[in-house]
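**Student:** Let me begin by handing over the structure; questions about it come next.
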Amino acid sequence: MTKGRRTALAFWLWALLTLVCSQPAWSCEALAMQLIPAWGGWFRPGRTTELAITLKAARNGEYLLTLTSTGKVIRYNGYLEADHPRRHWLPVQPGANGVVHARLQCGNEEVIEDEHYLIPSGNPLFGVGMGATWPPYPPQQWRGVTDSRLPHTPQGYSSLDLLYLNAVHLTTLGRDQSLALDRYLAGCGHVILTGKHREWAERIEGIAGCNGRNIHQQYSEFPNLESSRSGLPGMGALEALIQSSTISRQVSLFGTLFLGYFGLLVVGERTRYKPFLLMAVPLTFSLSLILFWQIPTQQARLVSWVEIDTDNSGGRFSALLQVEKLVSQDIPVSLPTILGPPETKPGADIDWRLNQQQPAKGLLHGKSQAFTTRNYGFQGTLRLSPSLSLVTTLPRPVVRNRDKEPTPGGFLAWNGSVHRLPSLKPEQSWSPSEADLIQVENGTTRLLMHQTGENATALVLPFSLRDAGLEFSDIETVGWLMIRARKS
Amino acid sequence: MMNTRIAIYSGLFQTLPLTLWTVPQIRLDSDGSSARLMLSSTVDIIVLLQALTIALLLPPVVPKLHTRPALVNLLLMLAIPWPLLSLAWISGAVGLAELFSTQAAVLVLAGAVFTLSRFISAVSRSGFRHLGLSLIQLSAAGLVVYLGLTWLPGGGT
């Protein structure tokens with residue numbers, strides 16, 4: 001082979017190699033990512049906020065977007081079409097330092113990485129949005145932030161303590177923004193509403209939780225606000241409502257199994273089997289244990305506590321998901337996306353995966369060791385219309401079933417004591433008497449008394465989040481609905 | 001005599017009290033650390049008990065034993081705690097390599113004690129034989145305690 005041919009061959013080999021090696025990069029060519037945090041990047045530590053993410057590619061392809069903050073990972077699988085930018089609004093819970101790391105992958109290749117620094121605020125945040133002008137007397141202890149667009153997810157409001165809105169501009173809201181705002185209002189979110197728009201004013205009155213107490217019509221003096229997030233039971237209180245689990249009982253069964261094994265050895269020795277045959281007993285028992293451990297054994301239970309004012313349609317809930325594992329495998333739990341990524345104590349890992357193909361479901365992954373119990377907390381709002389009404393007339397409150405179906409029995413807290421509330425037939429009314437008084441407390445009645453407070457009246461009924469239309473698979477759901485009384 | 005009965009009851013004496021103590025105390029917690037810690041300690045104690053049983057029980061009975069049945073019974077004695085060791089492995093308390101290496105070390109110790117005891121009993125007269133076998137017992141037990149304190153992951157506790 002001549003020198004010229006060798007050079008030409010080397011050139012073609014180099015060209016082929018370059019083509020092969022650069023092929024995966026071509027499929028991700030011209031991929032772009034832009035991240036815009038809600039509320040100018042301000043957030044309250046420990047709470048969630050929202051990131052608007054715009055993705056663009058020159059070719060069609062699947063992608064994986066990963067958002068990582070301290071111990072929490074949110075992954076989004078989707079499909080991009082060429083020259084059709086896609087925008088997502090994803091909830092994130094930044095760590096105390098506010099850093100959120102974004103990584104966009106195309107195929108198996110890492111393409112774009114970006115880091116965003118959000119700003120933690122120790123002071124309460126008030127948001128000025130949608131055409132509202134800056135309040136004339138902003139308070140000293142508050143941090144004001146503006147955002148020309150309102151959040152698209154309910155979690156986008158989580159960092160706000162007060163929202164300053166111009167009702168006229170609410171007509172321009174998209175569907176997701178409207179739903180997110182509905183949930184903020186239903187969850188007793190504080191709003192100062194300026195501008196006059198009859199349709200929206202009526203709508204807000206219908207949606208607002210806490211009987212509209214937190215909707216302030218005009219700005220005159222900055223209202224003395226109690227936090228809209230306070231008041232719901234925490235994870236510790238909800239854990240007290242969970243009964244002992246099947247998995248805990250399985251663990252206690254191990255002792256019995258081992259006793260059986262020892263008994264078998266003694267019987268084997270008595271029957272004078274040969275040592276070779278007796279060797280099969282410990283070997284078989286060991287292998288059985290190892291095989292049993294290959295079965296993905298997990299139990300997930302969700303306990304919820306929903307609070308609503310009587311004659312209101314917006315309820316707030318807090319929920320606890322308890323996942324118990326005997327094995328160390330990663331077994332994902334499927335949850336409605338509307339619950340959002342769970343909240344946990346600092347340091348606990350969260351891996352929340354969303355998929356464009358199944359937008360209603362999110363998968364909660366957890367890499368944990370064997371014999372673990374993981375608790376995940378959720379807070380949010382619900383739209384529901386309870387069948388019972390509770391009115392504190394004198395001398396005794398009246399509970400009435402307005403539905404066409406009988407209601408389950410529950411408890412009523414009134415005058416500092418708890419009464420057993422019987423099952424009520426349609427249109428039946430009931431008032432507490434001495435005969436219904438209960439002496440023995442349990443977790444539910446204790447929580448009812450705690451949540452009701454002094455000189456107030458409330459009732460509680462069994463109510464799972466499934467009853468509110470949320471779908472769960474492979475999760476046991478239990479819970480309670482607390483209805484606060486309206487004063488007559 | 002290292003017959004099947006002694007092998008089984010020696011194994012049970014090593015394993016039964018530990019199982020009765022460990023298994024009921026296994027609880028689920030946020031990271032599974034309490035169960036793993038307990039099972040890891042249990043593994044250490046089992047290995048120490050296996051080695052001490054060999055060091056103290058084997059030398060006096062070796063002169064009366066036939067080699068093959070003695071080794072099979074020895075293996076049976078060592079196998080009785082294996083389910084508890086398996087539980088420790090599958091729960092992540094100890095690694096498989098660590099488990100194999102400790103069991104192999106116990107087997108090596110058993111082989112060494114057996115061979116040495118057989119050699120002493122073959123070459124020495126009856127008066128010196130007891131002294132030699134006692135020396136093997138003491139030195140093997142001392143070696144086990146020393147290695148247990150230095151080599152085992154939990155420091156033999």
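**Student:** Which numbered condition in (1) assigned to a helix (DSSP H, G or I); (2) more than 7 Å from chain A (Cβ to nearest Cβ); (3) free of Cβ contacts under 8 Å to residues at least 24 places away in the same chain is the only one that B:Pro24 fails?
**Tutor:** (2)
**Student:** For segment B:70-101, name all the residues that are within 8 Å of chain A (Cβ to nearest Cβ), in a helix (DSSP H, G or I) and under 18 Å from A:Val281 (Cα atoms).
**Tutor:** The answer is B:Val72, B:Asn73, B:Leu75, B:Leu76, B:Ala79, B:Trp82, B:Pro83, B:Leu84, B:Leu85, B:Ser86, B:Leu87.
**Student:** Next up: Which one of these is touching a strand residue (DSSP E or B) at 6+ places or on another chain (Cβ under 8 Å), in the same structural domain as A:Ser159 (by TED's automatic domain parsing) and of a type in the set (Gly, Ala, Ser): A:Ala132, A:Ala32, A:Ala52?
**Tutor:** A:Ala132
**Student:** Out of A:Leu241, A:Leu225, which single residue is modelled with pLDDT of 75 or more, in contact with a strand residue (DSSP E or B) (Cβ under 9 Å, 6 or more places away or on another chain) and assigned to a loop (DSSP other than H, G, I, E, B)?
**Tutor:** A:Leu241
**Student:** Counting just the residues of segment A:404-429 that are part of a strand (DSSP E or B) and in contact with an Asp or Glu (Cβ under 9 Å, 6 or more places away or on another chain), which one comes out nearest to A:Thr310 (Cα to Cα)?
**Tutor:** Filtering segment A:404-429 for residues that are part of a strand (DSSP E or B) and in contact with an Asp or Glu (Cβ under 9 Å, 6 or more places away or on another chain), the one nearest to A:Thr310 (Cα to Cα) comes out as A:Leu412.
**Student:** Name the residues in segment A:382-403 that are β-branched (Val, Ile, Thr) and either within 14 Å of A:Pro422 (Cβ to Cβ) or in a strand (DSSP E or B) (or both), would you?
**Tutor:** Of everything in segment A:382-403, those that are β-branched (Val, Ile, Thr) and either within 14 Å of A:Pro422 (Cβ to Cβ) or in a strand (DSSP E or B) (or both) turn out to be A:Val391, A:Thr392, A:Val398, A:Val399.
**Student:** How many of the residues in segment B:40-61 are touching a Ser or Thr at 6+ places or on another chain (Cβ under 6 Å) and crowded, with 22+ Cβ neighbours inside 10 Å?
**Tutor:** 3
**Student:** Restricting attention to segment A:438-469, and to residues there that are closer than 30 Å to A:Leu363 by Cβ and at pLDDT below 85, which single residue is surrounded by the fewest Cβ atoms within 10 Å (Cβ to Cβ)?
**Tutor:** The residue in question is A:Gly469.
**Student:** Please go through segment A:61-102 and give me each residue that is charged (D, E, K, R) and in a strand (DSSP E or B), ordered by number. Reasoning before the result, please.
**Tutor:** Initial filter on segment A:61-102 (charged (D, E, K, R)): A:62, A:72, A:75, A:81, A:83, A:86-87.
Passing the criteria: A:Glu62, A:Lys72, A:Arg75, A:Glu81, A:Arg86, A:Arg87.
**Student:** For residues that are loosely packed, with under 14 Cβ neighbours inside 10 Å and touching a Gly at 6+ places or on another chain (Cβ under 6 Å), tally how many sit in segment A:409-437.
**Tutor:** 1
**Student:** Determine, yes or no, whether A:Ser248 is modelled with pLDDT under 90, surrounded by fewer than 19 Cβ atoms within 10 Å (Cβ to Cβ) and not β-branched (Val, Ile, Thr).
**Tutor:** yes
Here is a yes/no grid of residues against (1) of a type in the set (Phe, Trp, Tyr); (2) in contact (Cβ under 8 Å) with a residue 12 or more places away in the chain; (3) more than 29 Å from A:Thr297 (Cβ to Cβ):
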site	(1), (2), (3)
B:Arg5	no, no, yes
B:Leu20	no, no, no
B:Ser30	no, no, no
B:Asp44	no, yes, no
B:Thr53	no, yes, yes
B:Leu56	no, yes, yes
B:Asn73	no, yes, yes
B:Ala97	no, no, no
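**Student:** When residues of segment A:289-348 are filtered for being β-branched (Val, Ile, Thr), within 14 Å of another protein chain (Cβ to nearest Cβ) and touching a residue at least 24 places away in the same chain (Cβ under 8 Å), how many remain?
**Tutor:** Total satisfying the criteria: 5.
**Student:** From A:Arg396, A:Arg486, A:Arg400, grab the single residue that is farther than 24 Å from A:Leu238 by Cβ, at pLDDT 90 or above and among the basic types (Lys, Arg).
**Tutor:** Matching residue, one of A:Arg396, A:Arg486, A:Arg400: A:Arg400.
**Student:** Checking A:Ala201 against (1) touching a residue at least 60 places away in the same chain (Cβ under 8 Å); (2) not in a loop (DSSP other than H, G, I, E, B), only one condition comes out false. Which one?
**Tutor:** Against the list (1) touching a residue at least 60 places away in the same chain (Cβ under 8 Å); (2) not in a loop (DSSP other than H, G, I, E, B), A:Ala201 comes up short only on (1).
**Student:** Quick one: is B:Leu12 more than 10 Å from every other protein chain (Cβ to nearest Cβ), touching a residue at least 40 places away in the same chain (Cβ under 8 Å) and either farther than 30 Å from A:Val251 by Cα or assigned to a helix (DSSP H, G or I) (or both)?
**Tutor:** no
**Student:** Another question about this same structure. Please verify whether B:Ile136 is under 23 Å from B:Lys64 (Cβ atoms), within 14 Å of chain A (Cβ to nearest Cβ) and surrounded by 14 or more Cβ atoms within 10 Å (Cβ to Cβ), treating the condition exactly as stated.
**Tutor:** For B:Ile136, the condition - under 23 Å from B:Lys64 (Cβ atoms), within 14 Å of chain A (Cβ to nearest Cβ) and surrounded by 14 or more Cβ atoms within 10 Å (Cβ to Cβ) - is not met.
**Student:** Next question. So if I check each of A:Thr48, A:Thr70, which one is touching a Ser or Thr at 6+ places or on another chain (Cβ under 6 Å) and either surrounded by 12 or more Cβ atoms within 10 Å (Cβ to Cβ) or at pLDDT 80 or above (or both)?
**Tutor:** A:Thr48
To keep it simple, each residue is scored yes or no on (1) of a type in the set (D, E, K, R); (2) within 14 Å of chain B (Cβ to nearest Cβ); (3) at negative phi.
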position	(1), (2), (3)
A:Ile350	no, yes, yes
A:Gln357	no, no, yes
A:Lys361	yes, no, yes
A:Ala370	no, yes, yes
A:Gly377	no, yes, yes
A:Thr381	no, no, yes
A:Ser387	no, no, yes
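**Student:** What is the one condition in (1) assigned to a helix (DSSP H, G or I); (2) free of Cβ contacts under 8 Å to residues at least 12 places away in the same chain; (3) more than 13 Å from the chain's Cα centre (by Cα) that B:Phe114 does not satisfy?
**Tutor:** Of (1) assigned to a helix (DSSP H, G or I); (2) free of Cβ contacts under 8 Å to residues at least 12 places away in the same chain; (3) more than 13 Å from the chain's Cα centre (by Cα), only one is false for B:Phe114: (2).
**Student:** Among residues belonging to segment A:143-195 that are modelled with pLDDT of 85 or more and among the aromatic types (Phe, Trp, Tyr), point out the one that is nearest to A:Arg213 (Cα to Cα).
**Tutor:** Of everything passing the filter in segment A:143-195, A:Tyr184 is nearest to A:Arg213 (Cα to Cα).
The values are calculated or read from the model by the stated rules, or taken from the named source; none is laboratory data. Since the structure is predicted, the reported quantities are computational estimates derived from the model, not experimental observations. Using ideal geometry, Cβ is built from the backbone for each residue, glycine included, and neighbour counts are taken over all protein chains shown.
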